[in-house]
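Pasting a structure below so you can have a look.
The values are calculated or read from the model by the stated rules, or taken from the named source; none is laboratory data. Note that the structure is predicted; figures quoted are calculated from it, not measured. Cβ sites come from the backbone with ideal geometry, for glycine too, and all protein chains shown count toward neighbours. Ligands, DNA and RNA are excluded from the accessible area calculation, which covers all protein heavy atoms including side chains. Shrake-Rupley method; radii C 1.70, N 1.55, O 1.52, S 1.80 Å.
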Amino acid sequence: MTHPAATTRTFPHGFTFGSATASYQVEGAVAEDGRTPSIWDTFSATPGKVLGGDTGEVACDQYHRYREDVALMRDLRLGAYRFSVAWPRITPHVTPDALGPVEQRGLDHYSALVDELLAAGIAPAVTLYHWDLPQALEDAGGWADRRTAERFAEYAAVVAEALGDRVRTFITLNEPWCAAYLGYAAGVHAPGRTEPAAALAAVHHLNLAHGLAARAVREAAPGAQVALTLNLAWVRPEDEASEADVDAARRIDGLQNRVFLDPVLRGTYPADVLADTASVTDWSFVHDGDLDVVAQPLDAIGLNYYSPTVVRSVTSPRATVARPGADGHGAGAASPWVGSSHLVQFVDLPGPRTEMDWAIDPRGMTELLLRLHAEAPGVQLQVTENGAAFPDAVGEDGVVHDDDRTAYLQAHLAAVLDAVVAGADVRAYFVWSLLDNFEWAYGYSKRFGVVHVDYGTQVRTPKDSARWFARLAASGEVPG
Ligand code: FCB
């Protein structure tokens, strides 16, 4: 079905334009109102893990400045705000075996944020897990331990019960690929482990956590939409005529895309991924009945897309002395590509790049949305993140003239529109990010915001891209 009202330049009526952030990246206030440490507090306090020794201790201070930030979004005419809830604020004394008492002050904070948003006409979209796992759970095994999934579902029920009367969208997990492989195999994200078998156990327990939480949210907030956000890769072989390159692409597609999509949409793990990783683990952490739980009906899938992926086989005549492998968020000595790192190389694409060194190709946005449309018919799609870091300079007029970011957003929004016109049921687009913020292992060195943050004074200044995005949000038209 195509959207009759969509044209190549105008989004269908009712399409939502919003912005996104995540708790550890913007909140600060890490020791306030009963919050206990998350794995990102521990990781960022470990020397050498985050560029410049930066931490999320203060970040954008949104915990205190949320009213100002909501007013900013209202001025920018944004229709929705995707934020995440910090688990260590809600049940700060969770253990692997018991959720522990609920911290009312944590719930009150998010409840006040939701009310502030609704009063400003902005729809809240709540992510339940954007990587800030309570440290106590990591101490007992983290996502490699099945009990983390069970506790997560209980925590999800607490949040859904408290906010479900006002929040229409709950996203269980953000990018389980990063949480599992960057956290447990590459070690470039918290908790910084380099244990390939633990990473695959984490993949499964995150899938299980999604399924258990989806069920819990439905029960606690029957009217709400349940979604999952994935960072799928638009992966292509360097040489389509090369069987070895095609096989390299199959491996990466398996590890990044199908190991999440297949269990969630179809209740199975892809046989080729199980075979590719057989020397690492026997997958015995998948228990009878788990896959039925993982394959809960979904209302929406969130796609986070930033950059294309092209791979080759190490046997390719074009093979080079390779970088450890495209992991997106910083390269360590270990690879995130469990079971395939010795066989696959990531191709440095020519052409424009962002400050993350991520190649730019908006076609991946269209392709992935159409793939999701084909694989998950009847499930709504949302672009829950898209955006770019560029070396912004504040001009003499005090403003950031970020034409590069505006061009990136324009090209990717046009690519979303292409998917809509081709029939994909895309309902929303959230720019990453509202604010410059703590960019994980890169600390404050990479600025993704459409709003500039002066970290010394916490002054927020909309960049030119924010004004551009506001015009789009108001008109639905992708300006030329
Ligand atoms: C995504 C993360 C988000 C942000 C962007 C740049 O992978 O979900 O928190 O870091 O990348």
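Hey, residue 392 hits all of (1) within 16 Å of the ligand (Cβ to nearest atom); (2) farther than 14 Å from residue 355 by Cβ; (3) open to solvent by 20 Å² or more (accessible area, probe 1.4 Å) but one; which does it fall short on?
Residue 392 satisfies all of (1) within 16 Å of the ligand (Cβ to nearest atom); (2) farther than 14 Å from residue 355 by Cβ; (3) open to solvent by 20 Å² or more (accessible area, probe 1.4 Å) except (2).
Looking for something surrounded by fewer than 24 Cβ atoms within 10 Å (Cβ to Cβ) and within 17 Å of the chain's Cα centre (by Cα) - is there at least one such residue anywhere in the stretch 193-205?
Within the stretch 193-205, none of the residues are surrounded by fewer than 24 Cβ atoms within 10 Å (Cβ to Cβ) and within 17 Å of the chain's Cα centre (by Cα).
Let me ask another. Could you please give the count of residues in the stretch 20-66 that are outside any helix (DSSP H, G or I) and either away from the ligand (no atom under 13 Å from the Cβ) or not aliphatic (A, V, I, L, M) (or both)? Lay out the reasoning, then the answer.
Taking the stretch 20-66 and keeping what is outside any helix (DSSP H, G or I), we get 20-22, 27-38, 45-50, 54-61.
Going one step further and asking which of them are either away from the ligand (no atom under 13 Å from the Cβ) or not aliphatic (A, V, I, L, M) (or both), we end up with 21, 27-38, 45-49, 54-58, 60-61.
Matching residues across the stretch 20-66 total 25.
I've got another one for you. What pairs come out if I take residues in the stretch 194-220 that are farther than 15 Å from residue 133 by Cα and pair them with residues that are open to solvent by less than 10 Å² (accessible area, probe 1.4 Å) and charged (D, E, K, R) whose C-beta lies under 6 Å away, six or more apart or interchain?
Correct list of pairs: 208/290.
Would you be able to say whether some residue in the stretch 210-233 is in contact with a Ser or Thr (Cβ under 9 Å, 6 or more places away or on another chain) and farther than 26 Å from residue 158 by Cβ?
There is at least one residue in the stretch 210-233 that is in contact with a Ser or Thr (Cβ under 9 Å, 6 or more places away or on another chain) and farther than 26 Å from residue 158 by Cβ.
Can you give me the number of residues within the stretch 157-177 that are closer than 22 Å to residue 293 by Cα and either within 14 Å of the ligand (Cβ to nearest atom) or in contact with a Ser or Thr (Cβ under 9 Å, 6 or more places away or on another chain) (or both)? First the steps, then the outcome.
Let us first name the residues in the stretch 157-177 that are closer than 22 Å to residue 293 by Cα, namely 157-161, 164, 169-177.
Filter again for either within 14 Å of the ligand (Cβ to nearest atom) or in contact with a Ser or Thr (Cβ under 9 Å, 6 or more places away or on another chain) (or both), leaving 158, 170-177.
Of the residues in that region, 9 qualify.
So which residues in the stretch 108-156 are hydroxyl-bearing (Ser, Thr, Tyr), assigned to a helix (DSSP H, G or I) and touching a Ser or Thr at 6+ places or on another chain (Cβ under 9 Å), if there are any at all? Walk me through how you get there before you give the answer.
First, the residues of the stretch 108-156 that are hydroxyl-bearing (Ser, Thr, Tyr): 110-111, 127, 129, 148, 155.
Those still in the list that are assigned to a helix (DSSP H, G or I) too: 110-111, 148, 155.
Matches in the stretch 108-156: 155 only.
Hey, among 344, 293, which residue is crowded, with 20+ Cβ neighbours inside 10 Å and either touching an Asp or Glu at 6+ places or on another chain (Cβ under 8 Å) or under 22 Å from residue 212 (Cβ atoms) (or both)? Talk me through it step by step, then tell me what you get.
Numbers: 344 fails: either touching an Asp or Glu at 6+ places or on another chain (Cβ under 8 Å) or under 22 Å from residue 212 (Cβ atoms) (or both).
The conditions single out 293.
Could you please let me know if residue 448 is open to solvent by less than 20 Å² (accessible area, probe 1.4 Å), within 16 Å of the ligand (Cβ to nearest atom) and at pLDDT 95 or above?
For residue 448, the condition - open to solvent by less than 20 Å² (accessible area, probe 1.4 Å), within 16 Å of the ligand (Cβ to nearest atom) and at pLDDT 95 or above - is met.
Given 125, 180, 186, which one is crowded, with 24+ Cβ neighbours inside 10 Å, within 16 Å of the ligand (Cβ to nearest atom), modelled with pLDDT of 95 or more and over 20 Å from residue 302 (Cβ atoms)? Step through it out loud before you land on a result.
Values: 125 fails: over 20 Å from residue 302 (Cβ atoms); 180 fails: over 20 Å from residue 302 (Cβ atoms).
Being crowded, with 24+ Cβ neighbours inside 10 Å, within 16 Å of the ligand (Cβ to nearest atom), modelled with pLDDT of 95 or more and over 20 Å from residue 302 (Cβ atoms) holds for just one of 125, 180, 186, which is 186.
Condition check: among the hydrophobic types (A, V, I, L, M, F, W, C), open to solvent by 20 Å² or more (accessible area, probe 1.4 Å) and farther than 30 Å from residue 284 by Cα. Does residue 159 satisfy that?
It is false that residue 159 is among the hydrophobic types (A, V, I, L, M, F, W, C), open to solvent by 20 Å² or more (accessible area, probe 1.4 Å) and farther than 30 Å from residue 284 by Cα.
May I ask you to say which residue of 425, 418, 392, 397 is out of contact with any Leu (no Cβ under 9 Å at 6 or more places or on another chain), touching a residue at least 12 places away in the same chain (Cβ under 8 Å) and not β-branched (Val, Ile, Thr)?
Details: 425 fails: out of contact with any Leu (no Cβ under 9 Å at 6 or more places or on another chain); 418 fails: out of contact with any Leu (no Cβ under 9 Å at 6 or more places or on another chain); 397 fails: touching a residue at least 12 places away in the same chain (Cβ under 8 Å).
None of the other options fit; the residue is 392.
Same structure, new question: Only one residue in 133, 107, 113, 118 is of a type outside the set (Asp, Glu), open to solvent by 10 Å² or more (accessible area, probe 1.4 Å) and closer than 21 Å to residue 174 by Cα. Which one?
107 is the lone residue from the list that is of a type outside the set (Asp, Glu), open to solvent by 10 Å² or more (accessible area, probe 1.4 Å) and closer than 21 Å to residue 174 by Cα.
Read through the list (1) under 30 Å from residue 421 (Cβ atoms); (2) out of contact with any strand residue (DSSP E or B) (no Cβ under 7 Å at 6 or more places or on another chain); (3) open to solvent by 10 Å² or more (accessible area, probe 1.4 Å); (4) in contact (Cβ under 8 Å) with a residue 60 or more places away in the chain, then give the number of the only condition that residue 379 fails.
Exception for residue 379: condition (2).
Assess whether residue 429 counts as being modelled with pLDDT of 95 or more, part of a strand (DSSP E or B) and within 16 Å of the ligand (Cβ to nearest atom). Steps first, please.
On the way: modelled with pLDDT of 95 or more: yes; part of a strand (DSSP E or B): yes; within 16 Å of the ligand (Cβ to nearest atom): yes.
Taking the combined requirement at face value, the residue satisfies it.
Can I ask one more? Can you tell me which residues in the stretch 398-426 are buried (at least 22 other Cβ atoms within 10 Å of the Cβ), over 18 Å from the mean Cα position of the chain (by Cα) and either in a loop (DSSP other than H, G, I, E, B) or within 16 Å of the ligand (Cβ to nearest atom) (or both)?
Result: 402, 405, 408, 424.
Would you be able to tell me the number of residues in the stretch 257-285 that are open to solvent by less than 40 Å² (accessible area, probe 1.4 Å) and in a loop (DSSP other than H, G, I, E, B)?
7
So, one more: Let me spell it out: the conditions are (1) crowded, with 24+ Cβ neighbours inside 10 Å; (2) closer than 27 Å to residue 345 by Cα, and residue 236 meets all of them except one. Which number is the exception?
(1)
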